[in-house]
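Shown next, in structure tokens, is the structure this report addresses.
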Amino acid sequence: MNKLVTNNIIWFVLLVLSQGLILRNFSEGVGGPFYFHVFLYPLFLFRFPIGTPRYIQLIVAFFLGMSIDFFYDSPGVHAATSVFTMYVRPLVLNAFEPREGYNINISPTISQYGVGWISRYTGTLLLIHLFIFFSIDAFTFYYITDILLKTASSFVISIAFVLMTLFIFNTKQ
């Protein structure tokens, strides 16, 4: 196995365990509607190497989502959201493509593309991810106000966690 595959396996395990064992508890409480949830696991999707074949990206996204669904007791909600996020990722990458293009053999990082680019890229994908998640979770647009409130409040806290993690683990790879 090469270094990239090993690093991705480690990221997968760490993000699933931190989301399932630690961050899941932030949205649980004494009852009532919860308007914020901390989602760090989409960071794995955002950091996935650009040149990976599309079908592998979608399969990995499905397994990531199912792993999170195992902890949340939400059969298929995170899996569907993760697959959708990975499906629209090339559109977001094309929208924010740098002038010199992408190095398809690496993962998108701050050291490769800068803080501004990584903030726009992760922010856009995270916003899409959260909106789709809460839409699937509600299963109707009758609760559009709740969907939008949960998306906005979860986005603020989740993007802070995602960017903080990207800064802490900023690598040349």
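The values are calculated or read from the model by the stated rules, or taken from the named source; none is laboratory data. Computed from a prediction, not measured in an experiment: that's the story for all the values here. Ideal geometry is used to build each Cβ from the backbone, glycine not excepted, and the neighbour counts take in all protein chains shown.
Would you point out which residue out of LEU43, LEU21, LEU17, LEU91 is aliphatic (A, V, I, L, M), assigned to a helix (DSSP H, G or I), crowded, with 19+ Cβ neighbours inside 10 Å and out of contact with any Asp or Glu (no Cβ under 8 Å at 6 or more places or on another chain)? Quick ask: steps written out before the conclusion?
Numbers: LEU21 fails: crowded, with 19+ Cβ neighbours inside 10 Å; LEU17 fails: crowded, with 19+ Cβ neighbours inside 10 Å; LEU91 fails: crowded, with 19+ Cβ neighbours inside 10 Å.
When all the criteria are applied, what remains is LEU43.
Give the residue that is farthest from the chain's Cα centre (by Cα), with candidates limited to residues of the stretch 46-76 that are of a type in the set (A, V, I, L, M) and surrounded by fewer than 19 Cβ atoms within 10 Å (Cβ to Cβ).
Step one: list which residues in the stretch 46-76 are of a type in the set (A, V, I, L, M), which gives 50, 56, 58-61, 64, 66, 68.
Filter once more, so that each one left must be surrounded by fewer than 19 Cβ atoms within 10 Å (Cβ to Cβ): 50, 56, 58-59, 66.
Details: ILE50: 15, ILE56: 16, LEU58: 13, ILE59: 15, MET66: 14 Å.
Top of the filtered list is ILE56.
Within the option set LEU43, LEU15, LEU4, being in contact (Cβ under 8 Å) with a residue 24 or more places away in the chain, of a type outside the set (Gly, Ala, Ser) and over 20 Å from PHE167 (Cβ atoms) holds for one residue only, LEU4. If you go through the stretch 94-132, how many residues are surrounded by 14 or more Cβ atoms within 10 Å (Cβ to Cβ), modelled with pLDDT of 90 or more and polar (S, T, N, Q)? Qualifying residue count for the region: 3. Annotation: of all residues in the stretch 77-88 being among the aliphatic types (A, V, I, L, M) and out of contact with any Phe, Trp or Tyr (no Cβ under 6 Å at 6 or more places or on another chain), the one that is surrounded by the most Cβ atoms within 10 Å (Cβ to Cβ) is MET86. Contact map, the stretch 86-109: first residue within 20 Å of PRO42 (Cα to Cα) and in contact (Cβ under 8 Å) with a residue 40 or more places away in the chain, second residue surrounded by 14 or more Cβ atoms within 10 Å (Cβ to Cβ) and of a type in the set (D, E, K, R), Cβ cut-off under 9 Å, separation 6 or more or different chains; pairs are SER107/ARG47; PRO108/ARG47; THR109/ARG47.
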